[in-house]
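**Student:** Take a look at this one; I'll ask things after.
Rule-based calculations on the coordinates, nothing more; no lab input. Just so it is clear, the model here is predicted, and its values are computed rather than measured. All Cβ positions, even for glycine, are placed from backbone atoms using ideal geometry, and neighbour counts span all protein chains on display.
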Amino acid sequence: MQNKGKILSFFIRLKFSALMAFDGITSNLLRTSLTVLGISIGVAAVVSLMGIGEGARRSIVSQFESLGENVIVIKSNAENVIFEPEEAEEMPDRVEGVEYATPVVYTEDTPVRWRRDESEMDIVGVNQHYPEIKDHPVILGNFFTSLHVKQRSPVAVLGYNVAGNLLSGRSPVGQIIKIDGINYRIVGVLSEKGKGQGDGIDDKIVIPYTSAMKILDTKNIPEIWAKSISAEDSELAIVQLGRIYKRKIGLGYNITPNNEQEAPGGDIDEDVSMEAPGGEEVIVEEPEPAGEPDSQDPESENKDENVFKKGEEPLTITSLNNLVEEADQANRIMTVLLGGIAAVSLLVGGIGIMNIMLVAVTERTGEIGVRRAMGAKKGDLLIQFMLEAVYVSIIGCIVGILLGSWAVSIVSNYGLPAVVSFDSVKIASFVAIASGLLFGVYPAINASNLPPVEALKRQ
Amino acid sequence: MEIIKMENIAKLYKLGQVQVEALKNVSLSINDKEFVSIMGPSGSGKSTLLNVIGCLDRATGGTYELAGNFVDKLSDSKMSEIRNMFIGFVFQNFHLLPRMNAKKNVEIPLIYRGINTKRRNELAENALEMVGLKDRMHHLPSQMSGGQQQRVAIARAIVGNPSIILADEPTGALDTKTGELIMELFIKLNRKSMTIVQVTHAEEIAEYGSRIIRLMDGEIVSDEINGGKINV
């Protein structure tokens, strides 16, 4: 009974303190709104800057993701490193974790003739597994088959935009298109990836790699795409591929790719040698004695960097998963950095709160004295003035989030991929309210520590 | 019955290097239902004495017992509770909260006592009725005259049924006529068995008390029963 009464009494007092705090902020609306403005500009800066950062991050991640999940790109960077198509075709059987693989051949600016229109287009040569590897189905017709590939058939699957431009929207499947002087039958149309997604595949033509090799008059392929079913499989495959190609090239370490070279699939490459467990298997070709490779790892990384600087990187094995992760990570850091810079302005807003609260305490000294005389305890006043600071920061926070969202919507109207992220709202609110509390504490303690007699003397 | 019992109360202030003895060896006891006027020129220590009685300030020496509580050993928080339970203050400048209406102002001591809204309403209205301002309870202080404001302040002082009302120059900011009305109100409350201690420097106001204590340089120089106006 006594406890219940105490709790009730506590709430009655708390409610009154809250009411008095509200009275405090409404007693000088101009001053309050200026303080609120200080906080809301800070919050808006955090929300909008982090929004821009987050938008950039998402757009980059989605670009990478559109290249296909769990895809490994094996790419030659040196003229003496070449692949044979069979390596790709046999990869699913020979390498654990690889489900599909295709040789990849690119042609650039190949003359294409559609009826009477001549143009130049980029052609991609792959095998029949392309749709599975790139998670990129056809929307019209069919993809070409293994038979087409084997027989070097003149069949073509069009990128979404290419198809749309031909017959102003009608299906071009079954029509003939002339590529490099040879008639190709259009067998299918790929679904839309979107602008800037999937390495611009919407504007390209896909044909059997055998046919593309003929156009380029080559027996070798520059690139292999391998697909795993899961991220774990992908890692497993990368380790094995690293081992295989290490052996094949006969260089101890330089499978390890560099991190800045441009690849069609992206730009950050998987460090194979670092990930290979049990380096013993590789040592047959390694100049170092057995047992050394593990301890050599950090050093070999340094060597790799040197190799890259000399431009001698012969081969890169790139996991798109890791690309996405790393790009994501880099952008996240960028976003947090932006947010951090903006949060400084929140701090300035917090100082504004403190300033105004100190004035308020001085102004209401008489009132504090009266209330102390009526039985208010230190805690009552502490809570009141803390609440007052928190009110200001909460209002500033809400206004700031609205302002920031508005800024983000303006920015995204201008084509920047900005979004209001929950993270930014969380961080901004947290910092705003924390700074309200932090900067409200001192004035509130000042208020509560005023001796009643002193407070009553001042008017 | 003794409500206030002070023995050898001293109050030392430090003003820089100089020590000021605001109260020296003041021993005083005030009984239930008394109406005491404390008089003295400025600097005589009368306000300091009132502050010590009101638990707004602590004595630096001596013992003080208020309604059975030894005040000088209590914590700040307990002092607040004592003020809230046993004392009603009336100030020279009324000290009403400007943005609250009369009734809300009167309710404040009850809020700090943790009394619920319904009961607060009741008590506040009763108190305002006692001072004759029930019809003005929704007015803001700025909409009332000085005398009315002081009556609201008195209602606020009595609303929690304290043991004692402490008034510091209650008529100091009012004209003579209004001041007399306030004094009449005090007499009325006193007759309803409320103990009142007021500090004043005006003889004619002090005369309303049933007992007049005179201070000089922090010491009581006279303490006598006033046969005067109280029985008029």
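**Student:** Dividing the convex hull volume of the alpha carbon atoms of the range B:151-190 by its residue count, what do you get in Å³ per residue?
**Tutor:** Here the figure is 63 Å³ per residue.
**Student:** Next up: Between A:ILE7 and B:LEU74, what is the spin-label point distance in nm, taking each point 7 Å from the Cα along the Cα→C-beta axis?
**Tutor:** Distance between label points: 2.7 nm.
**Student:** Highest mean first, how do A:197-207, A:329-339 rank when packing is the count of other Cβ atoms within 10 Å averaged over residues?
**Tutor:** Ranking the peptides A:197-207, A:329-339 by packing returns A:197-207, A:329-339.
**Student:** Given a Förster distance of 35 Å, report the FRET efficiency between A:ASP423 and A:ASN183 from their Cβ-Cβ distance, rounded to the nearest 0.05.
**Tutor:** The computed FRET efficiency comes out at 0.05.
**Student:** For the protein assembly as shown, with only Lys/Arg (+1) and Asp/Glu (-1) charged at the beta-carbon, what is the dipole magnitude about the Cα centre, in debye rounded to 20?
**Tutor:** Dipole of the protein assembly as shown, to the nearest 20 debye: 5820 debye.
**Student:** Where both partners of a DSSP beta bridge lie in the range A:82-242, what percent of those bridges are antiparallel, to the nearest 5?
**Tutor:** Beta bridges within the range A:82-242, antiparallel portion: roughly 75 percent.
**Student:** List every residue whose amide H lies under 5 Å from the amide H of B:GLN92, counting only residues 5 or more places away in sequence or on a different chain, with H placed 1.01 Å from N in the peptide plane.
**Tutor:** B:ASP168
**Student:** Using only atoms on other chains, find how many Cβ atoms lie within 10 Å of each Cβ of peptide A:441-454 and report the average.
**Tutor:** Shielding by partners across A:441-454 averages 2.
**Student:** A follow-up question, please. Which values of log₁₀ I(q)/I(0), to two decimal places, follow from the Debye formula for the protein assembly as shown at q = 0.08, 0.10, 0.11 Å⁻¹ with a uniform point scatterer at every Cα?
**Tutor:** -0.73, -0.95, -1.09
**Student:** With the calculation restricted to Cα positions, what are the radius of gyration and Dmax of the range B:2-231 in angstrom?
**Tutor:** Radius of gyration, then largest Cα-Cα span, for the range B:2-231: 17.3, 54 Å.
**Student:** Using θ = phi - 60° and the Karplus relation 6.51 cos²θ - 1.76 cosθ + 1.60, list the HN-Hα couplings for the range B:6-12 in order, rounded to whole Hz, with x at every Gly or Pro.
**Tutor:** Using θ = phi - 60°, the values come out as 10, 10, 6, 5, 10, 9, 10 Hz.
**Student:** Right, another one. May I ask for the distance between the Cα centers of the range A:390-425 and the range A:174-244, given as a whole number of Å?
**Tutor:** Between the Cα centre of the range A:390-425 and that of the range A:174-244, the gap is 42 Å.
**Student:** Rounded to the nearest 0.05, what FRET efficiency do B:LYS192 and A:ILE398 have when you use their Cβ-Cβ distance and R0 = 45 Å?
**Tutor:** Efficiency, from the Cβ-Cβ distance: 0.30.
**Student:** Between B:GLY40, B:ASN25, B:VAL159, whose Cα lies farthest towards the positive end of the dipole of the range B:2-231 when Lys and Arg beta carbons carry +1 and Asp and Glu beta carbons carry -1, centred on the Cα centre?
**Tutor:** With unit charges placed on the Cβ atoms, the residue in question is B:VAL159.
**Student:** Grab the other residues whose beta carbon is less than 15 angstrom from that of A:ASN127, score K and R as +1, D and E as -1, and report the net.
**Tutor:** The answer is -4.
**Student:** A further question on this structure: When the Debye formula is applied to the Cα atoms of the range A:82-242, each taken as the same point scatterer, what base-10 log of I(q)/I(0) results at q = 0.12, 0.20 Å⁻¹?
**Tutor:** Summing over Cα pairs of the range A:82-242 leads to -0.51, -1.28.
**Student:** Choose one of A:ALA373, A:ALA418, A:ASN355: the residue whose Cα lies farthest towards the positive end of the charge dipole of the range A:341-459 (beta-carbon charges +1 Lys, Arg; -1 Asp, Glu; about the Cα centre).
**Tutor:** Checking the options against the dipole of the range A:341-459, the answer is A:ALA373.
**Student:** Please list, ordered by chain and number, the residues whose modelled amide H lies under 5 Å from the amide H of B:GLN198; skip anything fewer than 5 residues away on the same chain.
**Tutor:** The list, which skips near neighbours in sequence, is B:VAL36, B:SER37, B:ILE38, B:ALA167.
**Student:** Now for a separate question. Quick check on the protein assembly as shown: of the DSSP beta bridges with both residues there, what percent are antiparallel, nearest 5%?
**Tutor:** In the protein assembly as shown, DSSP labels about 70 percent of beta bridges as antiparallel.
**Student:** I've got another one for you. I'd like the distance between the alpha-carbon centres of the range B:2-75 and the range B:142-182, rounded to an integer number of Å.
**Tutor:** If we compute the Cα centre of each part, the gap is 23 Å.
**Student:** So how do A:382-392, B:122-132, A:214-224 stack up, highest first, on mean other-Cβ count within 10 Å?
**Tutor:** A:382-392, B:122-132, A:214-224
**Student:** Taking amide H positions as placed 1.01 Å from N in the peptide plane, with prolines and chain starts having none, which residues 5 or more places from B:ILE3, or on another chain, fall under 5 Å of its amide H?
**Tutor:** It is B:ILE30, B:ASN31, B:ASP32, by chain and number.
**Student:** Run lengths n ≥ 4 of DSSP H only: what is the helix-derived mean residue ellipticity at 222 nm for chain A, with -39500 (n - 2.57) per run over all residues, to the nearest 500?
**Tutor:** Calculated mean residue ellipticity at 222 nm is -19000 deg cm²/dmol.
**Student:** At each listed q (0.17 Å⁻¹), what is the log10 of I(q)/I(0) that the Debye formula gives for the range A:330-374 modelled as equal alpha-carbon point scatterers?
**Tutor:** Debye output, listed in q order: -0.62.
**Student:** Another question, if that's okay. Averaging over every viewing direction, what projected area does the convex hull of the Cα atoms of the range B:88-170 cover, in nm²?
**Tutor:** 4.8
**Student:** Using the Karplus equation 6.51 cos²θ - 1.76 cosθ + 1.60 (θ = phi - 60°), what ³J(HN,Hα) coupling, rounded to whole Hz, does each residue of the range A:165-181 give in order, writing x for Gly and Pro?
**Tutor:** 7, 6, 10, 6, x, 6, 5, x, 4, x, 7, 10, 10, 9, 10, 6, x
**Student:** A follow-up question, please. Peptide B:104-117: average number of partner chain Cβ atoms within 10 Å per residue?
**Tutor:** Average per residue, whole number: 5.
**Student:** R0 = 60 Å: FRET efficiency of B:ASP175 with A:SER409, Cβ-based, nearest 0.05?
**Tutor:** With R0 = 60 Å, the Cβ-Cβ based efficiency is 0.40.
**Student:** In addition: Considering every residue in B:90-100, what mean count of other chain Cβ atoms within 10 Å of its Cβ is obtained?
**Tutor:** 4
**Student:** Further question: Give B:LYS46/B:LYS177; B:LYS5/B:LYS192; A:LYS195/A:LYS246; A:LYS6/B:LYS73; B:LYS78/B:LYS134 a once-over and call out the pairs whose C-alpha atoms are over 31 Å from each other.
**Tutor:** Checking Cα-Cα distances, A:LYS195/A:LYS246; B:LYS78/B:LYS134 exceed 31 Å.
**Student:** Still on this structure, please answer the following. Provide, in order from the shortest bin, the percent of all Cα-Cα pairs of the range A:106-164 in each 5 Å bin, continuing until the bin that contains the maximum pair distance.
**Tutor:** For the range A:106-164, the binned pair fractions read 4, 14, 25, 26, 21, 8, 2 percent.
**Student:** Using only helices, what value at 222 nm comes out for chain B when you add -39,500 (n - 2.57) per DSSP H run of length 4 or more and divide by the total residues, to the nearest 500 deg cm²/dmol?
**Tutor:** -10000 deg cm²/dmol
**Student:** For the residue pair A:PHE430 and A:ASP203, what label-to-label distance in nm results when each label sits 7 Å from Cα along the Cα-to-beta-carbon direction?
**Tutor:** Between A:PHE430 and A:ASP203, the label points sit 4.2 nm apart.
**Student:** Under 11 Å from the Cβ of A:ASP23, count the other residues' Cβ atoms, weight Lys and Arg +1, Asp and Glu -1, and hand me the total.
**Tutor:** With Lys, Arg at +1 and Asp, Glu at -1, the net is +1.
**Student:** Provide the per-residue ³J(HN,Hα) series for the range A:66-79, in order, calculated from phi with Karplus coefficients 6.51, -1.76, 1.60 and θ = phi - 60°, each as a whole number of Hz, with x at glycine and proline positions.
**Tutor:** 5, 7, x, 7, 6, 9, 10, 9, 10, 9, 8, 10, 10, 5
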